[in-house]
Amino acid sequence: MAGSVKRPEQTGPAELFYNEVEARKYTHNSRIIEIQSQMSERAVELLCLTEDQPCYLLDVGCGSGLSGDYITEQGHHWVGIDISNSMLDVALEREVEGDLILGDMGQGIPFRPGTFDGCISISALQWLCNADKKTHNPPRRLFRFFSTLYSALARGARAVLQLYPENAAQLELVTAQAMRAGFTGGMVVDYPNSSKAKKFFLCLFAGVSGALPKGLGEESTEHASRHQASFTNERMRFKNVRGKSVKKSRDWILEKKERRRRQGKEVRADTKFSARKRRPHF
């Protein structure tokens, strides 16, 4: 399925908002890319996945595939679902390595029970709180999403959903529908005292109860329990802390080419010039 998109006939306000012009911002605006990458890194961190073991993850609201890029860098496999044709077209142009599906998460997650080892979502969940059509019922759409997501996750898996709530009422609505669907967990807030850096992550447990991780900030601890996410205030992306290759290095590029060969894609042969640095053109 990599390199193609399943496209059932579905449209919605989110799809109309993320038109071609808007979608291009997610590949050309360095600020947006950096923020998306940081939130994706944090979401995967909160999943507390087993180290050195590839997992199968779902990315809800995958957009242009920025979150999927980080998932791939960590050695995992993923499927992305998004309501916007334009965003998925950008993901195809970028040749992301995940499978892509066009769909409205408010209509449910179309996968068999126990399919995924975890789920992340960046800046998408708040759309379900809006009644943009006469047929839209936010509580019903939220419950449909959470109940089908609960089924699609393996027992003991986590879902980490980053969102931008408009107010406390939205937070209460989202959390209530998640609990009604069978999830346990709650909201993790990073940097709660900062107006700019503050981020909301709904951390959910499927089938088992776990210790809710603490948010980043003054009260974060360096030594979390084994049920919690291990983190510090200092971002450590692309550092070789887990034996993984630094992004854009020769080893990183050769590993990516090898993954593409295993997928049956045509890749140029490795030579002594592979991944060499080139002088800038003026």
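Which residue is most open to solvent (accessible area, probe 1.4 Å), if the candidates are limited to the stretch 119-160 and must be touching a strand residue (DSSP E or B) at 6+ places or on another chain (Cβ under 7 Å) and hydroxyl-bearing (Ser, Thr, Tyr)? Spell out how you get there, then give the answer.
Our first condition is that a residue be touching a strand residue (DSSP E or B) at 6+ places or on another chain (Cβ under 7 Å); within the stretch 119-160, this holds for 119-126, 149, 152-154, 157-160.
From what's left, hydroxyl-bearing (Ser, Thr, Tyr): 121, 123.
Numbers: Ser121: 2, Ser123: 21 Å².
Per the criteria, the residue is Ser123.
Give the stretch 147-174 a look and list any residue that's among the acidic types (Asp, Glu) and either part of a helix (DSSP H, G or I) or touching a Ser or Thr at 6+ places or on another chain (Cβ under 8 Å) (or both), or say none.
The first filter runs over the stretch 147-174 and keeps only residues among the acidic types (Asp, Glu), leaving 166, 172.
Answer for the stretch 147-174, where residues must be among the acidic types (Asp, Glu) and either part of a helix (DSSP H, G or I) or touching a Ser or Thr at 6+ places or on another chain (Cβ under 8 Å) (or both): just Glu172.
In this structure, does Met236 turn out to be open to solvent by 60 Å² or more (accessible area, probe 1.4 Å), modelled with pLDDT of 55 or more and not in a strand (DSSP E or B)? I'd like the intermediate steps shown before the answer.
On the way: open to solvent by 60 Å² or more (accessible area, probe 1.4 Å): yes; modelled with pLDDT of 55 or more: no; not in a strand (DSSP E or B): yes.
Judged against the criteria, Met236 is not a match.
Can you find even one residue in the stretch 186-208 that is surrounded by 11 or more Cβ atoms within 10 Å (Cβ to Cβ), touching a Gly at 6+ places or on another chain (Cβ under 9 Å) and at pLDDT below 75?
Checked the stretch 186-208: no residue is surrounded by 11 or more Cβ atoms within 10 Å (Cβ to Cβ), touching a Gly at 6+ places or on another chain (Cβ under 9 Å) and at pLDDT below 75.
Being in a helix (DSSP H, G or I) and in contact with a Phe, Trp or Tyr (Cβ under 7 Å, 6 or more places away or on another chain) is the filter; apply it to the stretch 103-113 and report the residue that is surrounded by the most Cβ atoms within 10 Å (Cβ to Cβ). Write out each step before concluding.
Going residue by residue through the stretch 103-113, those that are in a helix (DSSP H, G or I) are 105-107.
In the following step, the residues that additionally are in contact with a Phe, Trp or Tyr (Cβ under 7 Å, 6 or more places away or on another chain) were identified as 105-106.
On the way: Met105: 25, Gly106: 22.
Top of the filtered list is Met105.
The values are calculated or read from the model by the stated rules, or taken from the named source; none is laboratory data. Since this is a predicted model, take the numbers as computed values, not measurements. Positions of Cβ are backbone-derived with ideal geometry, glycine not excepted, and every protein chain shown enters the neighbour counts. With ligands, DNA and RNA removed, areas are computed over all heavy atoms of the protein, side chains included. Shrake-Rupley method; radii C 1.70, N 1.55, O 1.52, S 1.80 Å.
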